[in-house]
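Values quoted throughout were computed directly from the atomic coordinates according to the rules given, and no laboratory measurement underlies them. Every value quoted in this text rests on a predicted model; they were computed, and no experiment measured them. We place every Cβ from the backbone using ideal geometry, glycine too, and count neighbours over all the protein chains shown.
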Amino acid sequence: MALLGSALTNEVGLKLLLCPLGSNIVVRTACCSVGIVLPVYSTFKAIEAKDQNEQQRMLLYWAAYGSFSLAEVFADKVLYWFPLYYHMKFAFLLWLQLPTSDGARQLYMAHLRPFFLRHQARLDQIMGFIYGETAKFAKAHQAEIMFARRLIMKILGSVNQIIGGVIQPPQGHTSRAIEGRTERAESSDSDDEE
């Protein structure tokens, strides 16, 4: 009976995902999960494992995904009206990140890399200008930025107290691939001496 329930659940979920006449909310959520949530976790795993090949694969994915997202911002109002647009987007995001298809590498090598190599000097000028203006803005509004930071930290502290310390980091040894191994000082040292 449990096997029948599992098959029924899978069938209902698949019908919701692929139903072109229904709401796009399910397939849009699937796009978000496949396009952002899974790659963020895969990137974390690649960094922590110090796997150079997987890190490069994820960098290529993020370059392809970022370019696609930038294009989508401008085309979304038109593309939204195409039937099955989110289904095609879901399939495209899967193609980008599946290791068997290596879509992100294909897209990068065939389109992104030649584009960036051809326009690199102009893009460097634009990025330099944007960084300079951002630094000027941050320097001019330092007091407001610090106020917003303190406000956010107070809000996060209140939220942490409300949920009862659920967002506590683990105690003891932690290993961070980027920062190296750290050790937390324990307050029990003074208790051992007594």
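Assorted remarks:
- Neighbour net charge for Ala63 - beta-carbon separation under 13 angstrom, K R +1, D E -1: +3
- Kirkwood Rh in Å, taken over segment 24-116 so that all alpha-carbon pairs contribute: 13.9
- Calculated FRET efficiency for the pair Phe115/Leu79, C-beta based, R₀ 25 Å, to 0.05: 0.75
- Efficiency of FRET between Phe147 and Met127 - r from beta-carbon atoms, R0 30 angstrom, step 0.05: 0.55
- Where N is the number of residues in segment 119-159, Cα Rg divided by 2.2 N^0.38 Å: 1.76
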